[in-house]
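Q: Take this structure first; my questions come after.
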Amino acid sequence: MSVAAGGSGGSSLGAAAPGCLSAGSPYAAAAAGGGAGSTGGAATGVAGRLPARVLEHLFSYLELSDLMCCSLVCWHWYNILSDENSEVWRSLCTRSLSDEALRSDVLCNLATYKGKEIIQSKLCKAMDVLLEHFTAQVLSTRLSSHDCSRNVYIKKNGFTLHRNPIAQSTDGARGKIGFSEGRHAWEIWWEGPLGTVAVIGIATKRAAMQCQGYVALLGSDDQSWGWNLVDNNLLHNGEVNGNFPQCNNAPKYQIGERIRVILDMDDKTLAFERGFEFLGVAFRGLPKACLFPAVSAVYGNTEVTMVYLGKPLDG
């Protein structure tokens, strides 16, 4: 946007701005130019002569970052923009914020439109940073195409395992990243038949991801811990560690049902949730080692998806 200064032959707004500055104004450093012909308090530029209502109308088309810059141009513009409930700020809020956002607990208690816009802008920037960080974390914790049985492949999305129809083989996969500290949660669900054995859980880097026959691969040695969704057994070190969940007539897993796995490396426990219902702690006393999300399957052409969720929410 460029404004011609009267009698200056098409000077830009930046050149006219010094005429709006009072002598000794702290905004002089922010204004462009500051020619020798500028005298303290002499409003010689067009910007200094435009009525406030005209400037408000022009400002009402600008975005927050532009308005912040405009407030540094001269005292005249600064004074107009200092009214935080003016048409300028009301127009900006109307354009950039939904009615629902304006009625939210965060914004409805703020007295001015400028305050609402600035807070919302900061919240959006913070959410963008968090989303970028979380997305990077989710992508880095997908299933590993280099750490799985030769009889499975990881689909292009990185989250879904497809088991090829190979007879007399149990096949598994590990996540790309293991955890040795902190609390972590991920969801797993079957998108095809379970077959006779379908196990979810955790494993060290040393645990096998393929074996002959149809067996519970996770939990078959001391390097893995698993929950067999077919018969609701907990498995570790080749032994059944009891039924899970620990209740009478526990329901069987249904295809598509999402199971949330909760690994707490601070308390050394592994727990499960189903449909927002906490099923309880399945394993305690986990070793101080790097433990990876893992899954094993036996049914041909079945698919299993795993998505990392981050730190679990308490309660």
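Q: For region 209-276, run through the trypsin sites (Lys or Arg not before Pro) and keep only the ones in DSSP coil with at most 13 other Cβ atoms within 10 Å of their Cβ.
A: Numbers: sites: 252, 258, 260, 268, 274; in loops: 252, 258, 268.
Here the sparse-neighbourhood loop sites are 252.
Q: Still on this structure, please answer the following. With a Förster radius of 41 Å, plug the Cβ-Cβ distance of residue 72 and residue 311 into 1/(1 + (r/R0)^6) and report the FRET value to the nearest 0.05.
A: On the way: r = 41 Å, r/R0 = 1.01.
Result of the calculation: an efficiency of 0.50.
Q: Which trypsin sites (Lys or Arg not before Pro) in region 183-238 pass both tests, a DSSP loop state and at most 10 other beta-carbon atoms within 10 Å?
A: Numbers: sites: 183, 205, 206; in loops: 205, 206.
Taking region 183-238 and a limit of 10 other Cβ atoms within 10 Å, the loop trypsin sites (Lys or Arg not before Pro) found are 206.
Q: For residue 167 and residue 266, what is the calculated FRET efficiency with R₀ set at 30 Å and r taken between the beta-carbons, to the nearest 0.05? Let's see the in-between values first.
A: Details: r = 43 Å, r/R0 = 1.42.
After rounding to 0.05, the efficiency reads 0.10.
Q: Moving on to the next point. Taking just the alpha-carbon atoms of region 175-315, what radius of gyration and Dmax come out, in angstrom?
A: Reported Rg and Dmax, both Å: 13.8, 41.
Q: Could you work out the local net charge near residue 259, counting Lys and Arg as +1, Asp and Glu as -1, over the other residues with Cβ closer than 14 Å to its Cβ?
A: Details: positive: 252, 258, 260, 274; negative: 187, 191, 257, 273, 277.
So the surrounding residues net to -1.
Q: Mark the label point 7 Å from the Cα of residue 257 along Cα→Cβ and return the residues of region 271-288 whose backbone N is within less than 14 Å of it.
A: 272-280
Q: Let me ask you something else. So what's the net charge close to residue 296: Lys and Arg +1, Asp and Glu -1, counting the other residues with Cβ under 11 Å from its Cβ?
A: On the way: positive: 163, 174; negative: 171.
Here the count lands on +1.
Q: Can you tell me the length gained on complete extension of the stretch residue 208 to residue 237, counting 0.36 nm per residue apart and subtracting the Cα distance? The partial results should precede the final answer.
A: Working: separation 29, 0.36 × 29 = 10.44 nm, distance 1.25 nm.
Using 0.36 nm per residue and subtracting the Cα-Cα distance, I get 9.2 nm.
Q: Show me the GluC sites (Glu not before Pro) within region 175-210 that DSSP assigns to loop and that have at most 12 other Cβ atoms within 10 Å of their Cβ.
A: Numbers: sites: 181, 187, 191; in loops: 181, 191.
Answer by residue number: 181.
Q: While we're here: Starting from the residue with the highest accessible area, list 72, 279 in decreasing order, probe 1.4 Å. Please report the intermediate quantities before stating the final value.
A: Details: 72 80, 279 25 Å².
The most accessible residue leads, giving 72, 279.
The values are calculated or read from the model by the stated rules, or taken from the named source; none is laboratory data. Just so you know, these numbers come straight off a predicted model, no measurement behind them. Here Cβ is always computed from backbone atoms with ideal geometry, including for glycine, and neighbour counts include all displayed protein chains. Keep in mind that these areas ignore ligands, DNA and RNA; they rest on the heavy atoms of the full protein, side chains included. Shrake-Rupley method; radii C 1.70, N 1.55, O 1.52, S 1.80 Å.
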